[in-house]
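Notes follow once the structure below has been shown.
Each value in this text was obtained by applying a stated rule to the coordinates, not by laboratory testing. Computed from a prediction, not measured in an experiment: that's the story for all the values here. Here the Cβ positions follow ideal geometry from the backbone for every residue, glycine too, while neighbour counts run over all protein chains shown.
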Amino acid sequence: EAGVTQFPSHSVIEKGQTVTLRCDPISGHDNLYWYRRVMGKEIKFLLHFVKESKQDESGMPNNRFLAERTGGTYSTLKVQPAELEDSGVYFCASSVLGGRANTGELFFGEGSRLTVL
Amino acid sequence: KNQVEQSPQSLIILEGKNCTLQCNYTVSPFSNLRWYKQDTGRGPVSLTIMTFSENTKSNGRYTATLDADTKQSSLHITASQLSDSASYICVVSTNYGGATNKLIFGTGTLLAVQP
């Protein structure tokens, strides 16, 4: 069974450009999360989808970030225009919905490293 | 403020030795505590998940403990192997309603196992 896949693995762009990160969750996982780790800091929550609906986007830094999950399958995270402080590793994670949701195991992708010059 | 603090920041041990990593948290309301292993360039992988009522949980050579009263957890690694070299991240889940959980991450302990 395929795990959570993310694309691209590494992106280098200039300040002001646009980048779109993609996440394919594990098939059948309705919960999809985006996280970010900036240099030297802890991983932080960005937002949470349940199927195609945004359950919580309180972690999104500002309106330069736009996440979508059309059809409730894969998700994209667009940064437009990118700033220097957006550099970091963006992780996607997915989990099943329902059951003992409070202890639902989260499966992470390998991350997309974004470097903004 | 919800926070998870880990110690030490980094640790070097010899292959075959044991080690214990620490985690203190100030997260409320508490839902569960997780330990993840993150290899360089990879995503975090779950080792254990413990709820409020669980004091200890093992996964092979990894044993996690939880003291919900003092808000402390530890991860003990027995008979370390070179492949244990990784960052170990303590994560506390807070339930903000229904079946939804928000994860608060520590900065991790970087473990290096040397031959």
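Between residue A:76 and residue A:9, the contour length at 0.36 nm per residue exceeds the Cα-Cα span by 22.7 nm. The GluC sites (Glu not before Pro) of the range A:6-90 that meet both conditions, a loop assignment by DSSP and at most 12 other Cβ atoms within 10 Å of the site Cβ, are A:14.
The charge dipole of the protein assembly as shown, taken about its Cα centre with unit charges on the Cβ of Lys, Arg, Asp and Glu (plus for the first two, minus for the last two), comes to roughly 140 debye.
Isolated cysteines in the protein assembly as shown, defined as those with no second cysteine Cβ under 4.7 Å, comprise B:19.
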